[in-house]
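Worksheet for the structure shown next.
The values are calculated or read from the model by the stated rules, or taken from the named source; none is laboratory data. This one's a predicted model, so the numbers in the text were calculated from it and none came from an experiment. Please note that ligands, DNA and RNA were not included when accessible areas were found on the heavy atoms of the full protein model with its side chains. Shrake-Rupley method; radii C 1.70, N 1.55, O 1.52, S 1.80 Å.
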Amino acid sequence: MSDFREYLQEQLKDPEFMAEWEALQPEFAVVRAMIEARKKNGLTQKQLAERTGIAQADISKLENGNANPSLRTLQRLAAGMGMKIKVEFIPDRMQ
């Protein structure tokens, strides 16, 4: 993993790469939050699928960043874990 981190740090020195990386951060945050919530609730993807009616393969795609969930899907996932989602608008530090 340190090889990847070193590679990433090197790539982040490129302003174009950095801009793309920063643009993807909200998506990464959603994926991290989904995975952390599922694990915190001690659920497998299969168990979450059974609770939500969302196919396990689709949950896997979401967690791997290969699909963009709708707000409705996020609400279904949260409900399946006994949770709610919170969406927040915050000031852009670049402004």
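Accessible area per residue for the chain, computed on protein heavy atoms with a 1.4 Å probe, is 80 Å².
Panel values: the chain, Kirkwood radius from alpha carbon pairs, Stokes-Einstein at 4 °C and 1.567 mPa s, translational diffusion coefficient 86 µm²/s. For the stretch 51-68, putting each phi into the Karplus relation 6.51 cos²θ - 1.76 cosθ + 1.60 with θ = phi - 60° gives couplings of 6, 9, x, 8, 4, 4, 4, 6, 5, 4, 4, 4, 5, 8, x, 9, 8, 9 Hz, in residue order, rounded to whole numbers and with x for Gly and Pro.
Centre-to-centre separation between the Cα atoms of the stretch 54-95 and those of the stretch 19-40: 9 Å.
Under a Gaussian network description of the chain, with springs only between Cα atoms under 10 Å, the residue in 69, 15, 26 that fluctuates furthest is 15.
Using a probe of 1.4 angstrom, how much of the accessible area of the chain is carbon and sulfur, in percent? Present the calculation step by step, with values, prior to reporting the outcome.
On the way: 4010 of 7570 Å².
Solvent-exposed carbon and sulfur of the chain make up 53 percent of the total.
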